[in-house]
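One structure below.
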Amino acid sequence: MIDYKIIRKLTENINKNRAKLAEETDFKKKQRLRYKIEIDGLKIKIEQLN
């Protein structure tokens, strides 16, 4: 069963991280934010499969 609360929370996190990514100048911090966005996207896909 799909839990839409979790999906909504993860999409909010993705949007926040994308906003931070646009402002960030340090390369390592940008990479970390990209990975966080990718991981949250994968969590959403897993949740939709359940």
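The values are calculated or read from the model by the stated rules, or taken from the named source; none is laboratory data. Keep in mind it's a predicted model, so treat the numbers as computed, not measured. Heads up, the Cβs are rebuilt from the backbone with ideal geometry, glycines too, and the neighbour counts pull from every protein chain shown. Calculation scope for accessible area: heavy atoms of the full protein, side chains included, ligands and nucleic acids excluded. Shrake-Rupley method; radii C 1.70, N 1.55, O 1.52, S 1.80 Å.
At a 1.4 Å probe radius, carbon and sulfur cover how many percent of the accessible area of the chain? Before the final figure, lay out each step's value.
Values: 2390 of 4340 Å².
Reported share for carbon and sulfur atoms: 55 percent.
Positive end of the charge dipole of the chain (Lys, Arg +1 and Asp, Glu -1 on Cβ, about the Cα centre): tell me which of Phe27, Ile2, Asn13 has its Cα farthest that way.
Farthest along the dipole direction, towards plus: Phe27.
Testing the spin-label approximation: label points 7 Å from Cα along Cα→Cβ at Lys20 and Ile46. State their distance in nm.
2.0
Whole-Hz Karplus ³J(HN,Hα) for region 40-47, in order, using 6.51 cos²θ - 1.76 cosθ + 1.60 and θ = phi - 60°, x for Gly and Pro?
Ordered by residue, 3J(HN,Hα) equals 5, x, 5, 4, 5, 4, 5, 4 Hz.
What is the local net charge at Asp26, summed over the other residues whose Cβ is closer than 14 Å to its Cβ (Lys, Arg +1; Asp, Glu -1)? Don't skip to the answer; put the middle values down first.
Working: positive: Lys20, Lys28, Lys29, Lys30, Arg32, Arg34; negative: Glu23, Glu24.
Taking every other residue near Asp26 into account, the sum is +4.
Once semi-axes √(5λ) of the Cα gyration tensor in Å is worked out from the coordinates, which option in (1) 31, 10, 7; (2) 25, 11, 5; (3) 24, 12, 8 does it equal?
Identified label for the calculated read-out: (2).
Could you state the accessible area per residue of the chain in Å², with a 1.4 Å probe and every protein chain left in place? Kindly include the intermediate steps, with their values, before the conclusion.
Values: 4340 Å² over 50 residues.
Solvent-accessible surface per residue comes out at 87 Å².
From the helices alone, meaning DSSP H stretches of at least four residues, give me the mean residue ellipticity at 222 nm for the chain, per-run term -39500 (n - 2.57), in deg cm²/dmol to the nearest 500.
Numbers: 2 runs with 43 residues, N = 50.
Taken over the chain, the calculation gives -30000 deg cm²/dmol.
Enumerate the calculated ³J(HN,Hα) couplings along region 7-18 in order (Karplus 6.51 cos²θ - 1.76 cosθ + 1.60, θ = phi - 60°), each rounded to whole Hz, writing x wherever the residue is Gly or Pro.
Result, rounded to whole Hz: 4, 5, 5, 5, 5, 5, 5, 4, 5, 5, 5, 5.
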